[in-house]
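To start, the structure under review is shown below, and the notes come after it.
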Amino acid sequence: MSEKTAITPAGHATPPAAFSHGVRKGNILQVAGQVGFLPAVAGRPPAVAGPTLREQTLQTLENVRAVLEAGGAGWDDVMMLRVYLTDTGHFAEMNEIYDAYFAGQGLKAAPAARTTVYVGLPAGLLIEIDALAVLD
Amino acid sequence: MSEKTAITPAGHATPPAAFSHGVRKGNILQVAGQVGFLPAVAGRPPAVAGPTLREQTLQTLENVRAVLEAGGAGWDDVMMLRVYLTDTGHFAEMNEIYDAYFAGQGLKAAPAARTTVYVGLPAGLLIEIDALAVLD
Amino acid sequence: MSEKTAITPAGHATPPAAFSHGVRKGNILQVAGQVGFLPAVAGRPPAVAGPTLREQTLQTLENVRAVLEAGGAGWDDVMMLRVYLTDTGHFAEMNEIYDAYFAGQGLKAAPAARTTVYVGLPAGLLIEIDALAVLD
C-alpha cells in the first residue's frame, strides 16, 4: 500500500481548515465535499459560480473532476457520489443537469452509485458533492 | 482489480438519473441510497411500502439487501450503513425495527458501523439508507 | 482478505442498536458516527462532555481516535472525516477547534478529506463525526 497523499488541484483555494481536497492511498481516492466555487484568485475570497442551481451544480461537478484528475483518476473510477441539496424542490432539475453533464463525459464504465439528501449549507450554496473512487 | 460493474436488482425501478443502484469494483461494493419503494411495476411510478416508519424501514433494508445480493455480497460484508431519518423522534423506533430485522438475518460477522443523521427527504419518505461493503 | 471484526474501545458505551462503533476488514476501517459522549460509566446513561461546541468537538474527535486506535489505526490512516453540525454559524469555530486539535496530533501524512454538512441531531448534540480509514 502506498503512502497517503494529498490531492490539490491547481485552481482550488486552500481549504478553510486542516483537510485535503482529496487524498489517495493505494487504489482508494476520496474527494472532499466540493461546492460551486470558481477557480481561486489569489488574494480574493472564494466566489461561487452563480446563484442558480445549474451554475453551482456544473461548477461543483467540475471541481470534483479536478480533484479526481489531479489524483490520477476520472469519473469512470467513481464508486459513489454524495449529493447534498438544500431544497427537495431542486431534485428534478439537479437530475437533468447531472444527466446532461455525464452524457458529455464519455463514461465507459457503469455510472457511480449516488445518495441525495437535503441538508443545510452555508448561505448562498445550493449543492455540495463528494466522491469515493477506486482506481484500477 | 476488476472492472467497475453496475448492480441492478430485478425488482428495482430504473434510477431517476444516471446513477447505479449499486456498483462493484474488485472487492468494494457501494449501494446507492435506498428508500422504501416496493418492487417496481412496469408502467407505474415507484410506490412506497407504506406511510409508517416500520413499513419503510423494513422495505428499505430489503432494498439494500437486494443490491448486496445482486452484487454477490450479503449483510456480513457490510462495513457501514448510513441511515437518514427525517425526525429525531424516530430514532428509538427505527432502532427497534433495525435490531429485530438484523436478528433475523443470521449474521455471522460483526454488525456494520452506522451513522444516523436527520435530514430532509422527498415528501412521504421517512428513511433512506446506503451501504458500503467490502467482500472477502 | 481477513474477517470483518468489530472494534469496541474500552470507554465506549454499548451502541443503542445492533451496530459496531467500528469495523475492520483487511486494510479498511470504518468508524461509526461518534458524538461528544464522555467515557461510559456502568449503570449510567451516556453523558455529553458539555454543552459547548468546543467540548463536544474535542470529545467527538477523541472518540473517533479511540476507535481508530482500538482497530490498529491512527489519524494518519484516515481518508475521510464526515462532520455533521447543526448550525452553519458553528463552521468557523469548529474549524478553529479542529485545526488546533490536529496540530497537536503529530500527523505525518496528508490530512484527511472532509465534508461538512448541517443536519438535525438528537437534542443536546451539536456535532457528529464518522471516519473511513485505509491502513498500510
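The values are calculated or read from the model by the stated rules, or taken from the named source; none is laboratory data. Quantities reported herein were computed from a predicted structural model and do not represent experimental measurements. All Cβ positions, glycine included, derive from the backbone under ideal geometry; neighbour counts span all protein chains shown. With ligands, DNA and RNA removed, areas are computed over all heavy atoms of the protein, side chains included. Shrake-Rupley method; radii C 1.70, N 1.55, O 1.52, S 1.80 Å.
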Next on the checklist: For the structure I just gave you, tell me whether residue A:18 is farther than 23 Å from residue A:117 by Cβ, within 13 Å of another protein chain (Cβ to nearest Cβ), part of a loop (DSSP other than H, G, I, E, B) and open to solvent by 30 Å² or more (accessible area, probe 1.4 Å).
Outcome noted: yes
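Let me confirm something: among B:68, B:58, B:81, B:29, which residue is in a helix (DSSP H, G or I) and open to solvent by less than 50 Å² (accessible area, probe 1.4 Å)?
Going through B:68, B:58, B:81, B:29 in turn, just one is in a helix (DSSP H, G or I) and open to solvent by less than 50 Å² (accessible area, probe 1.4 Å): B:68.
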Next on the checklist: Kindly evaluate residue A:29 against the criterion of being touching a residue at least 60 places away in the same chain (Cβ under 8 Å) and touching a strand residue (DSSP E or B) at 6+ places or on another chain (Cβ under 8 Å).
Outcome noted: yes
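Which residue, of C:39, C:51, C:46, is within 14 Å of chain B (Cβ to nearest Cβ), open to solvent by 10 Å² or more (accessible area, probe 1.4 Å) and more than 25 Å from residue B:109 (Cβ to Cβ)?
Exactly one of C:39, C:51, C:46 is within 14 Å of chain B (Cβ to nearest Cβ), open to solvent by 10 Å² or more (accessible area, probe 1.4 Å) and more than 25 Å from residue B:109 (Cβ to Cβ), namely C:46.
Confirm whether residue A:99 is open to solvent by less than 10 Å² (accessible area, probe 1.4 Å) and of a type in the set (Asp, Glu). Steps first, answer last, please.
On the way: open to solvent by less than 10 Å² (accessible area, probe 1.4 Å): no; of a type in the set (Asp, Glu): yes.
In short, no.
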Item to check | Residue tally, condition of a type outside the set (A, V, I, L, M), touching a helix residue (DSSP H, G or I) at 6+ places or on another chain (Cβ under 6 Å) and not in a strand (DSSP E or B), over the stretch B:101-136 | outcome: 4
Checklist outcome for this item: Residue pairs qualifying under the 8 Å Cβ cut-off, at least six apart or on distinct chains, with the first in the stretch C:125-136 being surrounded by 23 or more Cβ atoms within 10 Å (Cβ to Cβ) and the second being at pLDDT 95 or above and of a type in the set (Lys, Arg), are C:129/C:82; C:130/C:82; C:131/C:82
Item to check | Residue satisfying condition, being of a type in the set (Ser, Thr, Tyr) and farther than 29 Å from residue C:3 by Cβ, within set B:57, B:52 | outcome: B:52
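For residue B:113, indicate whether it is open to solvent by less than 10 Å² (accessible area, probe 1.4 Å) and touching a Phe, Trp or Tyr at 6+ places or on another chain (Cβ under 8 Å).
Working: open to solvent by less than 10 Å² (accessible area, probe 1.4 Å): yes; touching a Phe, Trp or Tyr at 6+ places or on another chain (Cβ under 8 Å): yes.
Here the answer is yes, as residue B:113 does meet what is asked.
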Checklist outcome for this item: Out of (1) open to solvent by less than 40 Å² (accessible area, probe 1.4 Å); (2) within 11 Å of chain B (Cβ to nearest Cβ); (3) in contact with a Pro (Cβ under 7 Å, 6 or more places away or on another chain), the one residue A:91 does not meet is (1)
